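Here's the structure, in structure tokens; my notes come after.
The values are calculated or read from the model by the stated rules, or taken from the named source; none is laboratory data. These numbers come from a predicted model, not from an experiment. Methodologically, a virtual Cβ is constructed for each residue, glycine included, from the backbone with ideal geometry; neighbour enumeration extends over all protein chains shown.
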Amino acid sequence: MYCPRCQLQYRTGRTQCSECDFDLASDADADAAPAPPGAEMIVVFEGHPEEAEVAQAAVESAGIESRISSRPRRGFPVHHGLSELQVRAEDEDAAKEALADPNA
């Protein structure tokens, strides 16, 4: 088990991250990441974790696979960190277009 927001690892049986209370995902989910190993990923959005989730929904509604990675801000707890929304390099323009159009 791991936290998709914090990237912390947990033993099987836990359901929420002790750092940010986010629902944990199984290791099988991590293995099913949208980008193959070595794929170039481009950051198309950076912000608060909840904002990144909204941005991800917009990108995925346009049919673009994405992933969110989080990183803590220096001197703050993990849940106050920044999240990056990443897409494959070949989807960068379409993702930015989806993020720019709030009605998409």
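Whether any residue in the stretch 93-101 is over 26 Å from residue 19 (Cβ atoms) and modelled with pLDDT under 90 is what I want to check. Among the residues of the stretch 93-101, at least one is over 26 Å from residue 19 (Cβ atoms) and modelled with pLDDT under 90, which makes the answer yes. In the stretch 32-51, the residues that are surrounded by 11 or more Cβ atoms within 10 Å (Cβ to Cβ) reach residues that are in a loop (DSSP other than H, G, I, E, B) and modelled with pLDDT of 85 or more with C-beta atoms within less than 7 angstrom, at least six apart or across chains, in these pairs: 34/65.
The condition of being at pLDDT 90 or above and on the phi > 0 side of the Ramachandran plot holds for only one of 63, 75, that being 63.
One residue stands out among those in the stretch 1-30 that are among the aliphatic types (A, V, I, L, M), out of contact with any Ser or Thr (no Cβ under 7 Å at 6 or more places or on another chain) and modelled with pLDDT under 70: the one that is surrounded by the fewest Cβ atoms within 10 Å (Cβ to Cβ), which is 28.
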